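The values are calculated or read from the model by the stated rules, or taken from the named source; none is laboratory data. All of these numbers come straight from a predicted model, not from anything done at the bench. Note that each Cβ is placed from the backbone with ideal geometry, even for glycine, and that neighbours are counted across all protein chains shown.
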Amino acid sequence: IPVDPFDLVIFGGTGDLARRKILPGLFRRFVAGQMPDDAQIIGAARGDMDDSEYRAMTEDAIREFGGRKVSDDAVARFLERVHFTTVDAMGDEGWAKLAEKLPPGRVRAFYFSVAPSLFGALAERLRHFGLADAASRIVVEKPFGHDLHSARALNRVLEEYFAEDEIYRIDHYLGKETVQNLMAVRFGNMLFEPLWNAQYVDHIQITVAETVGVGGRGSYYDKSGAMRDMVQNHIMQLLCLIAMEPPARFEPDAVRDEKLKVIRALDPVPAHHLVRGQYSGNGTHPSYCDDVEDPRSRTESFVALRAHVSNWRWAGTPFYIRTGKRLRARTSEIAVVFKDAPHSIFGADAGRHRNVLVIRLQPNEGMTLDVTIKEPGPGGMRLMDAPLDLTFADAMSPDADEVPDAYERLIMDVIRGNQTLFMRGDEVEAAWAWTDPLIDEWEARGDVPQPYDIGAAGPEDALMLMHRDGRKWREIR
Ligand code: BG6
């Protein structure tokens with residue numbers, strides 16, 4: 001279904017995010033028939049460029065990142081909608097010209113794909129030069145602050161010029177197909193929700209493992225680390241969706257109120273429930289410190305921790321979280337590990353078996369549910385686990401080219417004015433309020449992260465974090 005006619009201005013329109021995600025994502029929505037004929041996409045940046053140069057850049061980006069359905073004809077028709085304008089975020093230049101390009105009475109979205117230090121200047125100029133009207137909205141990206149203090153400051157400056165329902169804070173994990181499916185599975189089925197609590201769930205594991213290092217992004221990453229880069233935002237969002245109470249409706253504030261309650265119910269994490277790691281080099285790849293060019297960096301490229309949501313539903317159920325770079329495989333999953341059946345009628349020989357619901361975010365987005373069955377054959381009543389497997393690519397129509405990218409879905413939600421999959425200001429602040437003390441504490445102690453080998457599952461202590469509790473991480477593969 002096409003969205004309403006819109007104008008989307010991308011500040012930072014020549015930047016990496018625009019090239020990798022925003023422009024190719026818009027192209028794919030165009031190919032899917034979702035973009036009205038007269039939609040306009042306007043790249044804005046400080047440098048000099050004309051429309052045709054920007055179109056050439058956009059075409060390169062689409063050919064590199066646009067997926068499989070890139071036909072010459074589609075590219076040509078898409079590029080007709082693409083324009084460029086030079087704008088100085090900190091000065092007065094270019095704003096009047098940009099204003100002229102925006103017809104009245106249509107949805108206007110301004111994507112701040114720039115450093116957060118420019119958010120205030122952009123917001124102010126959008127108002128000052130009369131570009132923002134009643135149908136305007138702004139889109140902002142992470143990092144949304146560096147800590148609670150800076151996140152608050154960003155919120156305050158944006159709120160000076162825009163109302164909360166005009167501010168779309170992107171966490172691209174919320175746009176992932178499987179993440180949304182998590183809500184469909186939880187709240188669309190009778191099967192899971194009655195068991196979704198401390199009485200039946202032994203523990204939950206959230207793993208976001210990457211094989212890439214931080215090379216190329218070292219200067220950003222070294223000031224951030226895994227806790228700020230992944231846990232405070234993406235993993236926090238996953239945890240919220242797993243742990244939240246059913247919202248009364250699938251509506252922005254109903255969902256976000258429930259997520260906020262989860263964040264506020266998180267206990268502080270004691271130091272012995274937290275492990276930080278940093279990858280060492282091997283013959284092929286440099287170490288973390290070589291990647292960031294600070295031989296003594298104490299920033300973590302891996303973090304594992306045990307969290308507790310202190311409420312009636314989850315009292316006593318640990319949430320084990322781990323994320324890191326240069327690990328064994330690229331895999332992101334949430335595993336809900338159910339408790340043992342209360343009594344085994346099959347005796348000790350049958351072994352120990354548990355139901356595990358695994359929600360795979362990537363690769364091969366899908367879900368599996370391990371169920372216990374009889375081992376086939378005449379060998380008596382021996383049990384085994386077998387997965388009920390639902391791979392989304394198989395379940396969807398055969399020409400569903402690829403599962404839609406998170407960005408393309410989220411950008412269309414901005415145009416539709418649907419904030420359900422965007423973070424509210426208070427959520428972001430509450431998440432920082434939880435991570436800040438952990439970071440402050442290790443910084444005050446001068447903690448050095450533990451080294452781990454490239455291709456491992458993190459440092460030894462991360463394994464111990466679960467072993468101590470008589471539990472085991474799932475394999476990263
Ligand atoms: C980004 C982080 O937000 O998410 C990166 O800054 C990380 O460090 C990336 O690699 C992971 O996203 P995805 O979609 O590839 O899992």
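Tabulated data
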quantity	calculated
Subset of region 89-113 [within 30 Å of the chain's Cα centre (by Cα) and either within 20 Å of M412 (Cα to Cα) or surrounded by fewer than 20 Cβ atoms within 10 Å (Cβ to Cβ) (or both)]	M90, R106, V107, R108, A109, F110, Y111, F112, S113
Selected residue [in contact with a helix residue (DSSP H, G or I) (Cβ under 9 Å, 6 or more places away or on another chain), aliphatic (A, V, I, L, M) and modelled with pLDDT of 85 or more] from V414, V358, V428	V428
Filtered residues of region 415-463 (kept if β-branched (V, I, T), within 13 Å of R276 (Cα to Cα) and part of a helix (DSSP H, G or I))	I439
Scope region 176-210; condition within 17 Å of the chain's Cα centre (by Cα) and either within 24 Å of R326 (Cα to Cα) or among the aromatic types (F, W, Y) (or both); matching residues	K176, T178, V179, Q205, I206, T207, V208, A209, E210
The one condition in (1) assigned by TED's automatic domain parsing to the domain that holds Y54; (2) in contact with a Lys or Arg (Cβ under 6 Å, 6 or more places away or on another chain); (3) among the hydroxyl-bearing types (S, T, Y) that S117 fails to fulfil	(2)
Unique residue being outside any helix (DSSP H, G or I), over 22 Å from H467 (Cα atoms), within 16 Å of the ligand (Cβ to nearest atom) and out of contact with any Pro (no Cβ under 8 Å at 6 or more places or on another chain) when the list is R360, R296	R360
Positions within region 211-254 being over 17 Å from N311 (Cβ atoms) and away from the ligand (no atom under 16 Å from the Cβ), in sequence order	A248, R249, F250, E251, P252, D253, A254
Count - residues of region 354-371 that are surrounded by 18 or more Cβ atoms within 10 Å (Cβ to Cβ) and more than 30 Å from D405 (Cβ to Cβ)	1
Single residue of region 116-135 satisfying the filter (buried (at least 18 other Cβ atoms within 10 Å of the Cβ) and under 29 Å from L238 (Cα atoms)) that is nearest to the ligand (Cβ to nearest atom)	P116
Some residue of region 140-159 being under 26 Å from A304 (Cβ atoms), modelled with pLDDT of 95 or more, assigned by TED's automatic domain parsing to the domain that holds T323 and more than 16 Å from the ligand (Cβ to nearest atom)	no
